[in-house]
1. Quick one: which of Val190, Val124 is closer than 19 Å to Ile333 by Cβ, surrounded by 13 or more Cβ atoms within 10 Å (Cβ to Cβ) and at pLDDT below 95?
2. Going through Tyr12, Tyr57 one at a time, which residue ends up being part of a loop (DSSP other than H, G, I, E, B) and in contact with a Phe, Trp or Tyr (Cβ under 9 Å, 6 or more places away or on another chain)?
3. How do the pairs read when you match residues in segment 67-93 that are assigned to a strand (DSSP E or B) with residues anywhere that are among the polar types (S, T, N, Q) and open to solvent by 50 Å² or more (accessible area, probe 1.4 Å), using Cβ under 6 Å and keeping only pairs 6 or more apart or on different chains?
4. Consider segment 313-332. How many of its residues are assigned to a loop (DSSP other than H, G, I, E, B) and open to solvent by less than 30 Å² (accessible area, probe 1.4 Å)?
5. Tally time: how many residues in segment 288-303 are open to solvent by less than 60 Å² (accessible area, probe 1.4 Å) and under 18 Å from the mean Cα position of the chain (by Cα)?
6. Out of everything in segment 239-287 that is of a type in the set (Gly, Ala, Ser) and farther than 12 Å from Ser318 by Cα, what residue ends up being surrounded by the most Cβ atoms within 10 Å (Cβ to Cβ)?
7. Considering segment 61-115 alone, what residues qualify as being within 22 Å of the chain's Cα centre (by Cα), of a type in the set (D, E, K, R) and modelled with pLDDT under 90?
8. Among the residues of segment 129-151, count how many are at pLDDT 85 or above, assigned to a helix (DSSP H, G or I), open to solvent by less than 60 Å² (accessible area, probe 1.4 Å) and of a type outside the set (Val, Ile, Thr).
Amino acid sequence: MFPVSIFSQTPYSITTTESQLKDGSKVYLVYTEGDRRITDSTLVQSGKFKFEGSLKYPVISRMFLHKNPYVVKLNKGEQIDYLMFYLEPAQIKMAISDSIKNAIISGSSENAGFKDLKLMLKPVDNQYANLRKEYEALPIEKQKDSLILAGFIGRENENTQNANRLHLAFAKKNVGLFVGLNSLAHVAAVPEFSSEIKTIYAELPMALKESPVGKGILLSMASNLHTKIGAVAIDFEQNTPAGKPVKLSSFKGKYVLVDFWASWCGPCREENPNLVSAYKKFNAKGFEILGVSLDQPGERARWVDAIKQDNLVWTQVSDLKGWDNEAAKAYGIKSIPSSFLLDPSGRIIGKDLRGKELNSKLAEIFSK
C-alpha cells in the first residue's frame, strides 16, 4: 500500500507525547506550500504543545524554539534549537527531551524514510564537512592556488557523485514516499542516471507524478537534452524585484551569462566579485548577465539587499520559489552557483564558467 493516494487538502496534527520543554516557551512551525511561506506558532503548556492544519502533500518543514529566524535575524554565531522534518497529512507524534533538535518522531511514514535517508547520507555529509574544514585551514595564498583549488573541486565532485548514487538507490526502494520522490528529483538532471530514473518514474503512483515535485522531475529529465553545449537555450520569463517581467530571449544579439544564484548561497556571494569584474570589462563590448535568484518565498527583501551589497548592476529576476524556481527546474539546476553562457543566437557555448575561466572565455570571444 502506498502512503500517498490522492492529493487534496488533508488534516495533519503534531502532538507531543512527552516533553521537558519549559512552559511558556514559544514554538514556531515554518514550511512552504506553492509560492507561500506558512508560519504557525504555539506556546508550551504543561510541557507539551500541538499544531493542527491541512496540507495537499508532504513538505519539508522546520520547527524552531523561541525564535523564528525567518522573521528575526540570528546574531553572529548565535545557535538556535530547531528540527527539520517532513510535515505530512498524518497524526504525527513527537517525544521531546530538553531540545527540539533531538525529537523522536512516530506516526509518520515520511519521517521514518527521512531518518533512513539521513543515515545513508551521513558518510558523504561528513566528507563535505571535512573538505570544507581542510580548505578553510589552508593559508589564504594556498586557497587561491588554482591547482590546489582544482584538487578540492575534484574531491567534492567525487563526493557529489557518491551522494547522487545514494539518492538514486533510496528513490528506487521508496517509490511510494514523498521523501523518495524528492531523492529522485535530486538526481533527475544527472545524465548517466537517465534510464534508471525513467524506470523508477514509471513505477511512481499517479498522485506523486501529478505533484509539483513529480512534474518538476519531467522538466529536469528533459533538461539533459536542452542544456547541452550547442543547444538553443530554453526561453523563460520571470520578474525583476520591481515586478517587471523579463524574457531571456530579449537578450538575443548579445553574449549573455545566465547566472543561477541566491542571497543565502555563500559560494555564490564569493563568486559575485568575479562577475562584477567581468561585467565591467566586457559589457560595453556586448556582454550581459541575467541573474536568476533561487531565494525563497518571503525572501524578496534579502534578495534585494544582496543585489545592492554585491553591486550586481545587471538584470535580476526570480519567481521566489527557491529550488522550485521554474527556470532552475527547466535547466536542471541542482546546485548553485550554476551558469550558462549563450552566444548572440541564444545557443549554449559554455557551462559553469567561473573566475579566470569566464574571463578567459570572454577575452577569447571579444578578441575575435
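The values are calculated or read from the model by the stated rules, or taken from the named source; none is laboratory data. Bear in mind the structure is a predicted one, so any value in this text is a computation, not a measurement. Glycine gets a Cβ as well: all are built from the backbone with ideal geometry, and neighbour counts include every protein chain shown. With ligands, DNA and RNA removed, areas are computed over all heavy atoms of the protein, side chains included. Shrake-Rupley method; radii C 1.70, N 1.55, O 1.52, S 1.80 Å.
1. Numbers: Val124 fails: closer than 19 Å to Ile333 by Cβ.
Selected residue: Val190, the only one of Val190, Val124 that is closer than 19 Å to Ile333 by Cβ, surrounded by 13 or more Cβ atoms within 10 Å (Cβ to Cβ) and at pLDDT below 95.
2. The conditions single out Tyr57.
3. Lys93/Thr17; Lys93/Ser106
4. Going through segment 313-332, the residues assigned to a loop (DSSP other than H, G, I, E, B) turn out to be 313-314, 319-321, 325, 331-332.
In the following step, the residues that additionally are open to solvent by less than 30 Å² (accessible area, probe 1.4 Å) were identified as 314, 325, 331-332.
Looking only at that region, the number is 4.
5. Of the residues in segment 288-303, the ones open to solvent by less than 60 Å² (accessible area, probe 1.4 Å) are 288-297, 299, 303.
Narrowing the set further to residues that are under 18 Å from the mean Cα position of the chain (by Cα) leaves 291-297, 299, 303.
Number of matching residues: 9.
6. Let us first name the residues in segment 239-287 that are of a type in the set (Gly, Ala, Ser), namely 242-243, 249-250, 253, 262-263, 266, 277-278, 284, 286.
Still in the list and also farther than 12 Å from Ser318 by Cα: 249-250, 253, 266, 277-278, 284, 286.
Working: Ser249: 12, Ser250: 15, Gly253: 11, Gly266: 8, Ser277: 13, Ala278: 21, Ala284: 9, Gly286: 14.
By that ranking, first place goes to Ala278.
7. Lys73, the sole residue that qualifies.
8. Count: 4.
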